[in-house]
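Heads up: the structure comes next, in structure tokens.
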Amino acid sequence: MRTHVFQVVSLALLLTGCATHSKTEIAQHQTVYNKPLTSPGAKFGILPPVVQRTVLAEAGPAEVVDAVRDTSTGRVVYKIYFRDNEVYPTMYVAPDGSVLNPDLTVAVSAAHGMRVRPTEVPPKITKVISERAPSGEVAYINQETWGGRTVYVVTFKDEAHYPRLLLADDGTVVDETP
């Protein structure tokens, strides 16, 4: 029994000695690193989902190096910084997902526009729709603003035979997506 107690006490002293030694070791080392570690991915991950979607839609695979919530102008603006800032300059995003210019005016509205009836579109648009899809039945038309220009997004009921049609307000076909 005495041997068993001696072994337990010896083991306890050994473990206590190791713990004390570790604490002493940590206290003796100094480091210049004293800030909590955060990654650009973690910062991006805490942005509101609508802001994340805007950044992904606008910059796609661009590498985000920082994401900051800024209130210095009296309103909330998310500033997104990219590794290649010549190709992807700092992006300013409003809480609603709108892309802002550096002066905080709206560059690309997050609003998808408004639905309009076929009878409410300009005659030039109606003419192009009937020329491009003479037997296509329109499901709905959205009037959107893309970078300061009005675009009509025409969606047909039979999308397999009549794909979505994008038309500028002068009737010209737009080949890009919003």
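The values are calculated or read from the model by the stated rules, or taken from the named source; none is laboratory data. The structure presented is a predicted model; accordingly, all values stated were derived computationally and were not measured. So basically every Cβ, Gly included, is an ideal-geometry build from the backbone, and we count neighbours across all protein chains shown.
Residues satisfying the criterion are absent from region 141-154 (criterion: more than 26 Å from Glu58 (Cα to Cα) and not acidic (Asp, Glu)). Can you tell me which residue within region 63-95, out of those that are of a type outside the set (A, V, I, L, M) and part of a strand (DSSP E or B), is nearest to Ala42 (Cα to Cα)? Step by step, filter region 63-95, then rank; the result is Asp66.
Of the residues screened, Ala42 is not one that is over 29 Å from Val153 (Cβ atoms), hydrophobic (A, V, I, L, M, F, W, C), modelled with pLDDT of 90 or more and not in a loop (DSSP other than H, G, I, E, B).
One line per residue, one yes/no per condition, for (1) within 30 Å of the chain's Cα centre (by Cα); (2) in contact (Cβ under 8 Å) with a residue 24 or more places away in the chain; (3) part of a loop (DSSP other than H, G, I, E, B); (4) at negative phi:
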site	(1), (2), (3), (4)
Gly97	yes, yes, yes, no
Lys124	no, yes, no, yes
Gly136	no, yes, yes, yes
Thr145	yes, yes, no, yes
Val154	yes, yes, no, yes
Ala160	no, no, yes, yes
Pro163	yes, no, yes, yes
Gly171	no, yes, yes, no
